Every structure is written in structure tokens, then in C-alpha cells.
Amino acid sequence: MSLLKLQNVSTFYDKIQALRSVDVTVKEGTIVTILGANGAGKTTMMNTIAGLLKPKEGSIQYLGKDVTGLRPDQLLRKGLALVPEGRGILASMTVLENLEMGAYHRNDAEVNADLEKAMDRFPILRERQSQLGGTLSGGQQQMLAIARVIMSKPKLLLLDEPSMGLAPLIVADIFKIIKEINEAGTTVLLVEQNARQALKVADYGYVLETGKVVASGNAKELLQDDTIKKAYLGH
Amino acid sequence: MLIEQLINGLTLGSIYVVVALGYTLVFGVLNIVNMGHGEIFMFGAFMGVIVTNSLGLPLYVAFLVAIIVTGILGYFLERFALRPLRGKEGVSHLAPLISTIGVSIFLENAAHHFFGAGNQPFRTSFSELNITIGSTTVYYVQILIFVIAILLMFGLTFWLSKTKAGKALRASAENLAVASLLGVNTKRVITQTVIIASAMGGIAGILVGIAFNSVNPQMGLSFGLKGLAIIILGGLGNVRGAMAGGLILGLSETFLVAYGNSGYRDAIAFIAIIVILIVRPQGLFGTSTSKSKG
Ligand SMILES: Nc1ncnc2c1ncn2[C@@H]1O[C@H](COP(=O)(O)OP(=O)(O)OP(=O)(O)O)[C@@H](O)[C@H]1O
Ligand SMILES: [Mg+2]
């Protein structure tokens with residue numbers, strides 16, 4: 001069953017068209033990755049799905065319902081969460097407050113237990129819990145961004161370049177965590193420059209070029225595809 | 001004498017703090033200076049005069065009425081002067097500022113119309129009551145003003161740092177997009193912030209009215225400008241900065257009047273702005289790299 005379905009979606013910045021009739025489907029339980037060069041429209045697509053941008057044409061279906069035009073906070077309540085490009089850490093709030101904000105929309109009794117779990121999973125966050133978010137290193141901020149979004153218990157998790165600017169070892173960590181999150185039942189839509197690693201964890205991939213989907217397929221097939229190899233895998 | 005001046009300075013300073021907090025909260029979430037805040041504050045002062053002097057009701061009723069009326073004014077300001085301009089393509093970033101200037105002119109004229117142009121006294125049943133310890137005289141009114149201001153400061157600080165709604169406001173102040181991705185209905189937070197800031201302005205209006213025993217339609221401008229000076233002094237959008245800036249200004253004005261030249265009293269705020277902008281443009285508590293919210 002498809003969890004998310006974009007049909008014919010076009011998004012504009014003023015007069016500049018950044019998405020051109022995009023069709024993308026994300027099946028429940030899978031990891032889907034979006035590849036593309038700088039400026040291809042990946043962030044625009046993620047922000048459109050998460051409700052930060054309104055598409056001018058087309059429709060977005062989530063959980064079988066039309067959600068086109070809903071606000072990000074409304075979508076989050078339905079379980080659709082985005083870690084935006086640049087991570088979106090609240091720099092002037094503490095690590096603990098950032099984590100608490102992840103559970104902002106929740107009123108259940110498990111919030112505190114989940115906080116503990118998050119800090120058990122990422123001990124560095126427990127250690128730094130009263131430090132301001134803005135004072136964490138890039139890698140720590142990414143851990144915080146992921147821990148925070150887990151606090152919101154998403155059904156569909158959108159990650160926009162989670163490995164951006166991180167050292168290879170930490171990147172490997174991030175991909176491991178993404179896999180874990182997925183195995184725990186969360187569907188993942190992943191934008192990455194690290195095409196090879198992204199395709200290795202993903203089930204399915206789309207390639208964007210100047211706002212259009214130019215290729216798509218099973219991740220394994222894309223890894224073997226000659227044009228993709230040349231353009232995105234570096235040989 | 002010294003202690004008396006200190007008390008006078010703290011009283012004035014704590015009033016300034018309450019005025020400045022109204023600006024700083026709105027600046028925090030909207031990144032605009034609400035030029036209508038001074039006039040909303042003035043409406044609060046007039047509500048105080050009407051309720052206590054004209055209707056003869058007790059002071060706490062005056063506070064309640066002022067909070068309600070200025071809160072409603074704040075709602076209208078946000079709903080009709082700011083919201084229509086938000087997120088529209090091709091709207092200049094100066095538009096909301098100009099729009100709030102329009103509101104301020106409108107409110108000042110409305111005040112002329114409804115309340116008259118002149119000064120009105122603001123007497124309370126305990127205006128003259130005081131206690132004298134040694135050579136130091138303290139008026140009950142001063143104590144009342146100080147206590148209310150301190151309660152507001154602590155209340156606001158507690159609310160911002162400990163409650164879910166307060167945290168949502170701080171998150172929105174730092175980054176509206178991120179806050180909404182975290183599930184915050186930012187539209188509602190913005191409206192709520194302008195209402196809270198305006199209600200604080202209403203309370204400040206009554207405090208000023210009592211402190212100076214005088215209320216008039218022009219008072220919004222002079223106090224508004226001081227409030228602006230304070231938030232520049234303390235760092236735009238910074239709550240702690242507004243508190244420190246307000247107290248510093250109140251104390252230095254009082255001491256200048258007592259030991260120096262009272263003619264320059266109103267100049268201090270603006271001299272302080274000039275010095276701060278040269279020495280520390282981000283304000284006492286502001287950070288230069290990003291806008292900081294305390
Ligand atoms: N706020 C904006 N205003 C105008 N144009 C924009 C804006 N944001 C993005 N664009 C344009 O839209 C196009 C797609 O940008 P987008 O950020 O979606 O690309 P991307 O694939 O995420 O790139 P990157 O890999 O560099 O993050 C680009 O041509 C970009 O210049
Ligand atoms: Mg991008």
C-alpha cells in the first residue's frame with residue numbers, strides 16, 4: 001500500500017518553477033531515496049510534502065487522503081515529519097528542550113519514557129542535555145535532530161541530506177540509524193548527495209534533474225545503471 | 001536620599017521593563033517593531049482612569065478591564081494590520097512596520113475622540129499613603145508598581161522557560177518554519193504573543209498612570225520610544241535584555257534628575273542607544289551571529 005503519493009506536483013518560487021509535474025510514490029515500510037545534483041529540486045520536494053511550501057498544481061496523498069495544502073503542524077499530527085535541510089536545531093534552546101519540542105504535539109504518558117530512551121540511544125545528548133543546541137558540533141546536532149524527530153513518533157520520516165557536512169565515520173553511523181528507524185516500522189523518504197550509501201540502504205530511488213523525475217527504480221537496479229553510475233556515483 | 005532615589009529609580013525602571021517586554025515579545029516572533037504598542041499601552045492607562053475615577057471601581061477591576069481591552073486591541077492589530085501582510089508575495093518587509101504606525105495613529109486619534117486631548121489625573125485611594133523608615137519615604141504606590149512589575153517579569157520568565165506554550169513561543173521566535181515542523185501552530189502562537197504583549201502594555205499603562213498621576217493620548221509616543229530604546233539597549237527580542245535595559249534606564253534617569261540636570265532626563269535613553277550602537281550594536285544581551293532569545 002502506498003503511504004505517500006505525489007501526483008503531477010509543481011512548486012514555484014514566485015515565477016521560478018522548481019518542481020515540474022513530479023510523480024513519486026512511497027510504499028509503507030520502505031526506504032525511498034531522492035537523488036539529484038545541487039539545485040535539482042530535492043529540498044523543494046521535501047518542503048512541499050511537509051507543508052512548508054504549497055504546490056501550485058498537483059496533489060499529495062498521504063494515508064490514502066488528500067493532504068495538499070495542509071500546514072506542517074497538521075501533517076505532523078498525522079505522523080508525517082521532516083528533518084529539514086540544515087537540521088533545524090533550535091540554537092537558543094537546550095538539548096533537552098529541543099528533545100521536548102519533538103514531543104510537542106504529544107499528550108500521552110510515555111513522553112518521559114521516550115525521552116529517556118532517546119538519551120539512552122544517544123548518550124552524548126544526555127551528557128549535553130543542558131547545553132544550548134547551537135553549541136553542539138555538526139554531528140551532535142544531526143544526532144539531536146534525529147532523536148528529536150523520533151520523539152514525534154513519525155509514520156513517515158522525511159530526511160533532507162542528513163549526512164551533509166559530516167565526517168565519513170559519522171555518516172556511516174547516520175545510515176545505520178536510518179536503517180534502525182526503518183526496521184522499527186517507520187517509512188523513510190531520504191534526500192542524499194551520498195548516492196551510493198543512500199541506494200545501499202534504500203529499497204527504491206528517484207532521480208531528479210531540474211525539477212523533473214528523470215529516472216526511478218529499485219535501488220539495486222539504480223546502483224547498476226550506467227548513466228546513474230556516471231552522473232551520481234562518481235565513475 | 002540615596003535610598004529614596006534608588007527606590008524611585010527601581011520603580012521607574014520596572015515600569016520601563018514592562019513596557020519593553022511588550023515590544024520584545026512581538027519582535028521575537030515577528031521580527032518587527034510594533035509601533036502600535038505605545039498606543040495600546042495608552043489605552044490601558046485610560047481604562048484605568050475610567051474604571052477607577054469615572055466609575056469609582058477598585059483598582060483590580062481596572063487592571064482586569066485594561067488587560068481585556070488591550071488584549072482585544074492586540075488581537076485586532078494582529079488580525080487586521082499584520083496577518084494580511086504575512087507570507088504574501090511582493091509585500092515589502094517594511095509593510096508591517098508601516099501598518100503598525102497606521103494603527104498607532106488611529107488609536108491616538110481614537111483616544112482624542114473618546115477621552116479628550118488633555119491630561120487626566122489617575123488617583124487611587126492610596127495615592128498619598130506612605131511609610132517612612134528613618135529619613136526614607138516609600139509610597140505604597142511604588143511598592144505596588146514594583147511588586148506587579150516583578151511578578152510579571154518572573155511570571156513571564158517562568159512561562160517562557162517551563163511551560164509547553166512558552167517553549168513553543170521561543171521555538172517560533174527562533175525559527176517559524178522549524179517550530180511548525182515540530183507541530184506548533186505558529187499562526188496561533190503569533191496571535192497569542194501579540195495579545196499577551198498588548199495585555200502587558202495595558203498593565204504598564206495603569207502603572208505609569210498611577211506613578212505619574214497623569215494620563216493623556218500622547219503618552220504612548222514618549223513611553224513607546226523609551227521602550228524601543230530599551231530593547232535596542234538590551235538586544236532586540238531578548239527578554240533578559242529588556243529587563244536589564246529597563247532597570248538601567250530607570251535608575252540612570254532618576255539619578256540624573258536627582259544629582260544632575262533634569263533637563264536632559266529624556267535624552268538619556270537616546271544617548272544610551274547611540275553609545276550602544278557604536279560599542280555593541282547587538283545590544284547588551286544580544287548575540288551578533290543570530291538573534292538570541294532569552
Ligand atoms: N527560496 C527560494 N527562492 C527562489 N528560488 C529558490 C528558493 N529555494 C530554492 N530555489 C531554487 O529552486 C531550485 C531547486 O532548489 P532546491 O533547494 O530544491 O535544490 P536541491 O536539490 O535541494 O539542492 P541542494 O542539493 O543544493 O540542496 C534551485 O534552482 C534554486 O535556486
Ligand atoms: Mg537541498
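The values are calculated or read from the model by the stated rules, or taken from the named source; none is laboratory data. Only a predicted model underlies this, so the values are computations on that prediction, with no experimental measurement involved. Glycine also receives a Cβ, built like all others from the backbone with ideal geometry; neighbour counts cover every protein chain displayed.
Could you tell me which residue of segment A:76-97 is surrounded by the most Cβ atoms within 10 Å (Cβ to Cβ), considering only residues that are more than 9 Å from chain B (Cβ to nearest Cβ) and of a type outside the set (D, E, K, R)?
A:V95
Table: residues versus (1) under 22 Å from A:V149 (Cβ atoms); (2) modelled with pLDDT of 95 or more; (3) more than 12 Å from ligand 2 (Cβ to nearest atom); (4) assigned to a strand (DSSP E or B).
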residue	(1), (2), (3), (4)
A:V9	no, yes, yes, yes
A:D23	no, yes, yes, yes
A:V26	yes, yes, yes, yes
A:I34	yes, yes, no, yes
A:G39	no, no, no, no
A:L70	yes, yes, yes, no
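For segment A:100-126, enumerate the residues that are outside any helix (DSSP H, G or I), more than 14 Å from every other protein chain (Cβ to nearest Cβ) and over 21 Å from the mean Cα position of the chain (by Cα).
Of all residues in segment A:100-126, those outside any helix (DSSP H, G or I) come to A:103-110, A:122.
Now drop any that are not more than 14 Å from every other protein chain (Cβ to nearest Cβ), which leaves A:109-110, A:122.
Within segment A:100-126, A:A109, A:E110 meet the criteria.
Taking segment B:80-101 on its own, how many of its residues are of a type outside the set (V, I, T) and touching a helix residue (DSSP H, G or I) at 6+ places or on another chain (Cβ under 7 Å)? Can you show your working first?
From segment B:80-101, those of a type outside the set (V, I, T) are B:80-90, B:92-97, B:99; that's our starting set.
The next check asks that each one be touching a helix residue (DSSP H, G or I) at 6+ places or on another chain (Cβ under 7 Å); those that pass are B:81-82, B:85, B:95-96, B:99.
Final tally of qualifying residues: 6.
Under 6 Å between Cβ atoms, which residue pairs at least 6 apart in sequence (or on different chains) link something in segment A:163-174 that is within 18 Å of A:A195 (Cβ to Cβ) with a partner that is at pLDDT below 90?
A:S163/A:N194
Take A:N182 and tell me if it is surrounded by fewer than 22 Cβ atoms within 10 Å (Cβ to Cβ), closer than 30 Å to B:G166 by Cα and either within 16 Å of ligand 2 (Cβ to nearest atom) or not acidic (D, E) (or both). Let's see the steps before the verdict.
Working: surrounded by fewer than 22 Cβ atoms within 10 Å (Cβ to Cβ): yes; closer than 30 Å to B:G166 by Cα: no; either within 16 Å of ligand 2 (Cβ to nearest atom) or not acidic (D, E) (or both): yes.
No.
Tell me, which residue of segment A:189-203 that is surrounded by 23 or more Cβ atoms within 10 Å (Cβ to Cβ) and either within 14 Å of chain B (Cβ to nearest Cβ) or more than 16 Å from ligand 2 (Cβ to nearest atom) (or both) is farthest from A:I31 (Cα to Cα)?
A:L199
For segment B:223-235, does any single residue satisfy the condition of being within 14 Å of chain A (Cβ to nearest Cβ) and outside any helix (DSSP H, G or I)?
Narrowing segment B:223-235 to residues within 14 Å of chain A (Cβ to nearest Cβ): B:235.
Narrowing further to those that are outside any helix (DSSP H, G or I): B:235.
Among the residues of segment B:223-235, at least one is within 14 Å of chain A (Cβ to nearest Cβ) and outside any helix (DSSP H, G or I), which makes the answer yes.
Could you check segment B:104-148 and list, in sequence order, the residues that are in contact with a strand residue (DSSP E or B) (Cβ under 9 Å, 6 or more places away or on another chain) and of a type in the set (D, E)?
Within segment B:104-148, B:E128 is the sole residue that qualifies.
Could you check segment A:204-233 and list, in sequence order, the residues that are part of a loop (DSSP other than H, G, I, E, B), more than 16 Å from ligand 2 (Cβ to nearest atom) and touching a Lys or Arg at 6+ places or on another chain (Cβ under 8 Å)? So that I can check it myself, show each step before the final result.
Of the residues in segment A:204-233, the ones part of a loop (DSSP other than H, G, I, E, B) are A:210-211, A:225, A:233.
Those left that are additionally more than 16 Å from ligand 2 (Cβ to nearest atom): A:225, A:233.
Answer for segment A:204-233, where residues must be part of a loop (DSSP other than H, G, I, E, B), more than 16 Å from ligand 2 (Cβ to nearest atom) and touching a Lys or Arg at 6+ places or on another chain (Cβ under 8 Å): just A:L233.
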